[in-house]
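Colleague: Quick one: the structure is below, questions incoming.
The values are calculated or read from the model by the stated rules, or taken from the named source; none is laboratory data. From a predicted model like this one, the values you see are computed outputs, not experimental measurements. Positions of Cβ are backbone-derived with ideal geometry, glycine not excepted, and every protein chain shown enters the neighbour counts. Protein only, heavy atoms only, side chains kept; ligands, DNA and RNA dropped before computing areas. Shrake-Rupley method; radii C 1.70, N 1.55, O 1.52, S 1.80 Å.
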Amino acid sequence: MAARWEARADLVVVGTGVAGLTAALRARELGLRVLVVTKAAGDDGNTRWAQGGVAVVMEDQHDPGDSVARHVEDTLTAGAGLCDDAAVATIISDGPAAVRRLRDRGAVFDAKPDGRLERTREGGHSAFRVVHAGGDATGAEVERALLKATVDGRVPLLENHVAVDAVKTPLGAVAGLLVLDGNGVPGVLTAPAVLLATGGLGQMYQATSNPSVATGDGLALALRAGAVAADVEFIQFHPTVLYTGRGARGRCPLVTEAVRGEGAVLVDATGARVMKGVHPLEDLAPRDVVAAAITRHMAQGPGGVDDHVFLDATALHDMATRFPTVHAACAAAGVDPAVDPIPVAPAAHFACGGVVSSVDGRTGVTGLYAVGEVARTGLHGANRLASNSLLEGLVCGTRAAEAVAADLAVGFIAPARAVDAVLPTAPVADRDMLQRVMSRYAAIGRDAEGLAVVGSVLDVSTVDKQLESRELVEDAALTTAARALIAAAQQRTESRGCHVRTDFTERSPSWQRTQLVRLTPTGQPVLADPVLADPVLAEGVA
Ligand code: SIN
């Protein structure tokens, strides 16, 4: 089916999370005609669910001895040898300015009576440097402030429009975006720059901290447009979502790591400490270590295979005021954290890899930009440091808008006529089946046999379909993302960061390298040669 309607802009931003709205607002300041498009409502993205906060070392308010250099060091340690050092340094150094800009846009952070910001601590951080809002409602406040600024700034927001494909010129540059409107009618948003800020893909698993919109759409769209992805095997599982019973599905309430940062400890049904002796930082070890330790503990639990442990926060005095979101979720589940240990389990949380992008959002496809969780800048490596993602969205969102403006100014990108604005066909697997096999065989603890099972199940059950509805776009994206993950995870015969193999349990020095994925012309994800595959990578990714 061909496109039946058209709108024009200089820049189309896909997604209304922190990265997308920050980019849109900055682009507007720079005088660009911006259009923001989202498949749901403006505030339906992942940002609003973020709890912990923004990791940042402000010049005038930090722990004694803390510094940007130490924040960089903690990020590199958490990333388990796969971060891009230069990306880490530049994004983290830009943090204080990014937080100042966000506050100027109206976001209100929790502050002490003297005006200095409250700070908490999360796993992998060597200091209290996570600033927060509304106690544990940081994402909600960031989203509120940015959406308000977007509306106040009259940046057009097209809700209930799902991005299907980049449309391109005969020479392969982006000329716009093919979308389906709320009635499923295809149209083209003609623009020389399309910025993907579509977030993650937690819905690839049965239980996740992510909302229903997190289906990997941007990753699949970018791959179909010819971009390259990297580090897709590294899916971070948050150690503690609220356990609400066997067989939880969809978005599970998060129990922020800051609860452990402020004294809570993980225990099993017998009261024994889960993290004792596992890591020098115990309950505040990096997230991959804690999630894997809980998974092992559950498998070896005194009652045989178990599916949750407990977070003992009974020693914390002010849960209801300090962590109102967590407290409310516990109350809804009949748990009083002042008295009862909170039942918790790991769940899919964050895609550490994504579309290979510079810290300015440029991908290997002219006119296609990516920021936030959909992008792989090299900040996260094999395991993201807690609360570095809002930071990345703020810093890289601003930079991407500036990159688009610069690319337009020098004529590197320019308005052009699109070819081929017809709905594409792509491989689609059944979502329920995909979630089941991914959760069973490709979560924490993978092996060759299980990964092969996922590969075969996806191969036999995938059917090519025209992407004529939001559901099909999402299912195709989940299928592509899952196949990309399986290809990369099968190849990586070691355990590193969030990629835990039960048949290759050690980290291997020969695997201290990133793996790239691209699509074949038939839409099959395959591993790609790092040097040939992508100009952004050629500039220095390990
Ligand atoms: C949390 O609050 O534990 C999650 C924060 C994050 O994922 O960065």
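Colleague: Among the numbered criteria (1) of a type in the set (D, E); (2) within 16 Å of the ligand (Cβ to nearest atom); (3) at pLDDT 95 or above, which one does E282 miss?
Modeller: Status for E282: all satisfied but (2).
Colleague: So which residues in the stretch 231-243 are open to solvent by less than 10 Å² (accessible area, probe 1.4 Å) and away from the ligand (no atom under 16 Å from the Cβ)?
Modeller: Matches in the stretch 231-243: D231, E233.
Colleague: I need the full set of residues from the stretch 191-230 which are more than 19 Å from G361 (Cβ to Cβ), β-branched (V, I, T), assigned to a loop (DSSP other than H, G, I, E, B) and open to solvent by less than 10 Å² (accessible area, probe 1.4 Å), in order please.
Modeller: Residue satisfying the conditions is T215 alone.
Colleague: Another question, if that's okay. Take T325 and tell me if it is farther than 15 Å from L266 by Cβ and among the β-branched types (V, I, T). Let's see the steps before the verdict.
Modeller: Values: farther than 15 Å from L266 by Cβ: yes; among the β-branched types (V, I, T): yes.
Answer is yes for this residue.
Colleague: Follow-up. Take the residues of the stretch 365-386 that are among the small types (G, A, S) and more than 11 Å from the chain's Cα centre (by Cα): which is farthest from the ligand (Cβ to nearest atom)? Working first, answer last.
Modeller: The initial filter retains those residues of the stretch 365-386 that are among the small types (G, A, S), namely 367, 370, 372, 375, 378, 381-382, 386.
Within this subset, residues satisfying the condition of being more than 11 Å from the chain's Cα centre (by Cα) are 367, 370, 378, 381-382, 386.
On the way: G367: 31, A370: 19, G378: 17, G381: 15, A382: 16, A386: 4 Å.
For the stretch 365-386, the residue satisfying everything is G367.
Colleague: Here's a follow-up. Can you pull out every residue in the stretch 244-277 that is within 14 Å of the ligand (Cβ to nearest atom) and of a type in the set (G, A, S)? I'd like the intermediate steps shown before the answer.
Modeller: Step one: of the stretch 244-277, the residues within 14 Å of the ligand (Cβ to nearest atom) are 251-262, 264, 266.
Within the stretch 244-277, A258, G261, A264 meet the criteria.
Colleague: Please tell me if R144 is out of contact with any Lys or Arg (no Cβ under 9 Å at 6 or more places or on another chain) and of a type in the set (K, R). So that I can check it myself, show each step before the final result.
Modeller: On the way: out of contact with any Lys or Arg (no Cβ under 9 Å at 6 or more places or on another chain): no; of a type in the set (K, R): yes.
Criteria not met by R144.
Colleague: Look at V99 and say whether it is more than 16 Å from the ligand (Cβ to nearest atom), surrounded by 18 or more Cβ atoms within 10 Å (Cβ to Cβ), under 22 Å from the mean Cα position of the chain (by Cα) and modelled with pLDDT of 95 or more. Outline the logic, then answer.
Modeller: Numbers: more than 16 Å from the ligand (Cβ to nearest atom): no; surrounded by 18 or more Cβ atoms within 10 Å (Cβ to Cβ): yes; under 22 Å from the mean Cα position of the chain (by Cα): yes; modelled with pLDDT of 95 or more: yes.
For V99, the condition - more than 16 Å from the ligand (Cβ to nearest atom), surrounded by 18 or more Cβ atoms within 10 Å (Cβ to Cβ), under 22 Å from the mean Cα position of the chain (by Cα) and modelled with pLDDT of 95 or more - is not met.
Colleague: Among the residues of the stretch 34-48, is there at least one that is outside any loop (DSSP other than H, G, I, E, B), crowded, with 20+ Cβ neighbours inside 10 Å and within 16 Å of the ligand (Cβ to nearest atom)?
Modeller: Residues of the stretch 34-48 that are outside any loop (DSSP other than H, G, I, E, B), as a first pass: 34-37, 47-48.
Next, only the ones that are crowded, with 20+ Cβ neighbours inside 10 Å stay: 34-37, 47-48.
Then keep just the ones that are within 16 Å of the ligand (Cβ to nearest atom); that gives 47-48.
Yes: the stretch 34-48 contains one or more residues that are outside any loop (DSSP other than H, G, I, E, B), crowded, with 20+ Cβ neighbours inside 10 Å and within 16 Å of the ligand (Cβ to nearest atom).
Colleague: Quick one: which residue in G65, G124 is of a type in the set (G, A, S), outside any helix (DSSP H, G or I) and farther than 30 Å from S510 by Cα?
Modeller: Values: G124 fails: farther than 30 Å from S510 by Cα.
Answer to the check: G65.
Colleague: How about the stretch 58-90: which of its residues are under 19 Å from L117 (Cα atoms) and within 16 Å of the ligand (Cβ to nearest atom)?
Modeller: Once the filter is applied, which keeps residues that are under 19 Å from L117 (Cα atoms) and within 16 Å of the ligand (Cβ to nearest atom), the stretch 58-90 yields only H71.
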